[in-house]
Amino acid sequence: MRVTVVLPTYNEAENVPLMLPALLEQPVSVVVVDDNSPDGTGDIAEAWARREPRVAVVRRAGKLGLGTAYVAGFNHALAHGAEAVITIDADFSHNPRYITPMIAAAEHADLVIGSRYVKGGRVGYPFHRRFLSRTANFVARTALGLTPLDCTAGFRLYRAETLRKTPIDRIRSNGYSFLVEMLTYAQRTGIRVAEVPIDFVDRARGVSKISSAEIGKGMGTVGRLFLRRLTGRL
Ligand SMILES: Nc1nc2c(ncn2[C@@H]2O[C@H](COP(=O)(O)OP(=O)(O)OP(=O)(O)O)[C@@H](O)[C@H]2O)c(=O)[nH]1
Ligand SMILES: [Mg+2]
């Protein structure tokens, strides 16, 4: 299976020089989607792309958001013949060593989640982040009828057909809640979802881009999708 990893970056200059070699140990190619990071992440990625044929870079004009960064990466990967696309954070919260078991799980699944909450998974978050994440997952699963235990994970493998048949153009959220909206629409197409347990570690280098406004936006997204579900318009 030809697998492309989509690596969205914003100010990850400390992580990208470590993340790219770790990813290249796996049987994948990589597309970095950088939003004109002021710390020069885009130039670092570009230098890698010049000497490593398995690395490509999509550079966008400014910080346009995580959701559209994923979509730009999906489009690039599909246009270059990917049969599956993996999304991963650049900060090593998602260890690239799980890519191999995720690809193996894709033998019998159309979407594979690198899951913190399935049996065997672990979360190295401080208490408040863990509480927030658990609550967000519970609310999203209950309100939207989602089946995976980790619905907000950014570490995922989508088979190319899953991306093609999910109505991505209907997705309205662009931050972290993009992940919940994407999963909701993907699951509606009747795909098989699998979860691979991961040991999720907290970011060690660089700074978080998640803001407290994202929490409100996330609740707004779940509320909007819940109303659509109730009225049969999901
Ligand atoms: N291209 C692009 N990448 C982004 C944007 N926002 C976040 N990212 C990247 O998306 C990934 C996830 O962002 P993080 O800041 O690690 O978010 P998080 O994992 O929820 O937060 P922490 O646990 O604090 O790390 C990282 O690789 C970021 O660099 C954006 O607007 N554009
Ligand atoms: Mg992170």
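Any read-out appearing in this document is the output of simple, stated calculations on the displayed coordinates, not a laboratory observation. Treat the numbers as computed from the prediction; the structure is a model and nothing was measured. Cβ atoms come from the backbone with ideal geometry, glycine included; neighbour counts cover every protein chain shown.
For the chain, a/c is less than 1.5, where a ≥ b ≥ c are the root eigenvalues of the C-alpha gyration tensor. That puts it in the rounded class.
Amide H contacts under 5 Å for residue 173: none, restricted to partners 5 or more places along the chain or on a different chain, H placed in the peptide plane at 1.01 Å from N.
Counting only DSSP beta bridges whose two residues both lie in the chain, roughly 25 percent are antiparallel.
Taking a ≥ b ≥ c as the square roots of the eigenvalues of the Cα gyration tensor, segment 177-234 is classed as oblate, since a/c reaches at least 1.5 and a/b does not exceed b/c. Counting only aspartates and glutamates at least 8 places from residue 165 when in the same chain, those with an alpha carbon closer than 18 Å to its own are 83, 110, 181.
With both labels modelled 7 Å from their Cα along Cα-to-Cβ, the residue 97 to residue 202 distance reads 2.1 nm. With labels modelled as points extended 7 Å from the Cα through the Cβ direction, what inter-label distance (nm, one decimal) is found for residue 189 paired with residue 210? If labels sit at residue 189 and residue 210, their model points lie 2.6 nm apart. For residue 9, the residues 5 or more places off, or on other chains, whose built amide H falls under 5 Å of its own are 33, 34, 35. Ordered by the count of other Cβ atoms within 10 Å of each Cβ, fewest first, 133, 208 give 208, 133. Mind running the shape call on segment 4-94? Use the C-alpha gyration tensor, a ≥ b ≥ c as the square roots of the eigenvalues: rounded below 1.5 for a/c, prolate if a/b tops b/c, oblate otherwise. In terms of gyration-tensor shape, rounded. The Cα center of segment 78-94 and the Cα center of segment 123-200 differ in position by 15 Å.
Taking 0.36 nm per residue of separation and subtracting the Cα-Cα distance, full extension of the segment from residue 79 to residue 230 would add 50.8 nm.
Rounded to the nearest 0.05, what FRET efficiency do residue 51 and residue 127 give with R0 = 35 Å and r taken as the Cβ-Cβ distance? Could you check? With a Förster radius of 35 Å, E is 0.20.
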